[in-house]
Amino acid sequence: MNRRSDRAGPRVAADSTQAEILAQIFERTSAVAFKWAATEGWPILYASANVASWGYDADDLCRRRQLFAELIHPDDLRRILIEAEQQCEQGIEGNRHQYRLRTAHGSWLWVDDQTWVEHDAAGSELTLNGVVVDISESKRTERALHLAASALPAVLNERTDTGAAIEELMARLGSGAGADRVYLFEHYVHAESGELMITQRHEWCRAGVQAQINNPELQELSLQQQFPRWVECFRSGRAIFGAVKDFPASERELLQGQSIQSLLVVPIMLDEQPWGFLGFDAVQQPRLWSVAEQQMLQIAALGLGAAIVQARSLAALESGEERLRLTLQAAGAGAWQWDPRTGQSQWNDQHFRLLALDSRERTAANAQWRERLHPADLAAVEKSLAYSVETGKPLDIEYRIVLAEGEVRWLHALGNRWRDDLGEPAGLIGIVLDVTEGRRIEDRLRLSTAVIEATR
């Protein structure tokens, strides 16, 4: 018996030493070790001392056998029970879950929990051992990136009103990140002084927070004079963030006048140059902006930059298309695009009118045009079309059409070859004019010349 005790003594001492070492290791990490009873609610039997980082006293949790299940968010608890049951049915010895855990201060942490079962000599569950790690920051990153990614498609949709889409994006970012204000400012260069100026274009505010969109101090403001530090940061693509009380005195007056306690601002870059900036304000209480939130705002700024470029391109295209439409309308010209691979053509209204056809459909079959073409001109016209498609040479031809009532008119077609998305020659695009009156004048001139020559 004594020999047995002698043998057990070193083992107990070794176990005690190992436990102390493990406790010291856990105290120096963010991982909290737990031992729970394998009974309903999982009473806490042991918690490492670093559980104090969550506001709890380890001895107190164990002494009153705090039910660990009561610390888990109710919405997550049922899912954990189902996951544990499924993992047990699959023969998985240990369990791993992610869930929200309540701190002693009433806030919620996202944690990653790895648990394994300790059995007694009979094989029954005796206790549960686990390591619980705070993963709130990575969850915030995941949520922020998801929020930014889910909000951007509406902004990048070319059929969307860009202004309205930006407002929607800002509302989603603000509510998702818990910001009090979200705002967008645009840069411009003063026409006379050449200074870099800013003006506020959009704003979202949380309920109860005073809006600044109509604040005259935020319109036509010299960024170079008021915030020279920001100019340098924006030019290098860097963010501005922190508590306003720690900002230079020249910046604090205007910012504190808006009740801003802390902010996060990132530049919106176009062609590697700052176009403006997107920002978050914390007004109700100071806030330390996380790396995840900065990443979210930077992604949104990149998306806004792309949307602004797209909107400008579309505006330029629409402006060019409108000028072309007015020019063609003034000239009475028809516009056409022909794809010989499908035999289909796209015509504007005037082209249909020139051929006396129904213009309710923009697409026309090549056969409709051929039916109007004068039989004597058909071969020459088709040869010219094929030559332009094959060689890329501009099309410049005149031909006759015969309308339904038998009237013959002269048309003058001009066109160039166009290519598809793969860069392959696809057909011709151009305009067509009714030159019948010009032809008649030429005929009359030729007739007059012939009469004069005959009477000499």
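The values are calculated or read from the model by the stated rules, or taken from the named source; none is laboratory data. Predicted model, so just to flag it, every value in this text is computed and none were measured. Reconstructed Cβ throughout: ideal geometry from the backbone, glycine too, with neighbour counts over all protein chains shown. Note: accessible area is taken over every heavy atom of the protein model, side chains too, but ligands, DNA and RNA are not part of it. Shrake-Rupley method; radii C 1.70, N 1.55, O 1.52, S 1.80 Å.
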Show the residues, 5+ positions off or on another chain, whose built amide H is closer than 5 Å to the amide H of VAL435.
TRP410, LEU411, HIS412
Run the numbers for GLU217 and ARG370: contour at 0.36 nm per residue of separation, minus the present Cα-Cα distance, in nm.
48.4 nm
Stretch gain in nm, segment ASP60-THR436, where the contour uses 0.36 nm per residue and the Cα spacing is subtracted:
125.2 nm
Ordered by residue, what ³J(HN,Hα) values in Hz, to whole numbers, does segment 221-238 give under the Karplus form 6.51 cos²θ - 1.76 cosθ + 1.60, where θ = phi - 60° and Gly and Pro are x?
9, 6, 5, 5, 7, 7, 9, x, 4, 5, 4, 5, 5, 5, 5, 9, x, 8
How large a share of the accessible area of segment 31-121, in percent, is made up of carbon and sulfur atoms when the probe is 1.4 Å and the other protein chains stay in place?
50 percent
Step through the residues of segment 44-50 one at a time and calculate ³J(HN,Hα) from phi using the Karplus curve (6.51 cos²θ - 1.76 cosθ + 1.60, θ = phi - 60°), rounding each to whole Hz and writing x for Gly and Pro.
7, 9, 8, 9, 5, 4, 6
Sequence of VAL381, VAL189, VAL402 from largest to smallest accessible area, 1.4 Å probe
VAL189, VAL402, VAL381
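Any number yet on Rg/Rh for segment 34-99, C-alpha, Kirkwood? All intermediate terms of the calculation are to be shown ahead of the outcome.
Working: Rg = 12.9 Å, Rh = 12.9 Å.
Reported Rg/Rh (Cα atoms, Kirkwood Rh): 1.00.
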Quick one: Karplus J couplings for segment 342-352, per residue in order, coefficients 6.51, -1.76, 1.60, θ = phi - 60°, nearest Hz, x for Gly and Pro?
9, x, 9, 9, 9, 10, 8, 4, 5, 5, 4
Could you pull out every residue, at least 5 positions away or on a different chain, whose amide H is within less than 5 Å of the one on ILE397? Hs are placed 1.01 Å off N in the peptide plane, and Pro or chain starts have none.
ALA413
Under the 0.36 nm per residue contour assumption, what length would be gained going from the current alpha-carbon distance of GLN256 and LEU414 to full extension?
50.4 nm
Ranked by how many other beta carbons lie within 10 Å on average, peptides 262-270, 231-239, 427-435 from highest:
262-270, 427-435, 231-239
Backbone N within segment 397-422 under 17 Å of label point (7 Å from ALA380 Cα along the Cβ vector)
397-402, 408-414
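Let me spell out the model: positive unit charges on the Cβ of Lys and Arg, negative unit charges on the Cβ of Asp and Glu, origin at the Cα centre of segment 224-304. What dipole size does that give, in debye rounded to 20?
Result for segment 224-304 is approximately 160 debye, rounded to the nearest 20.
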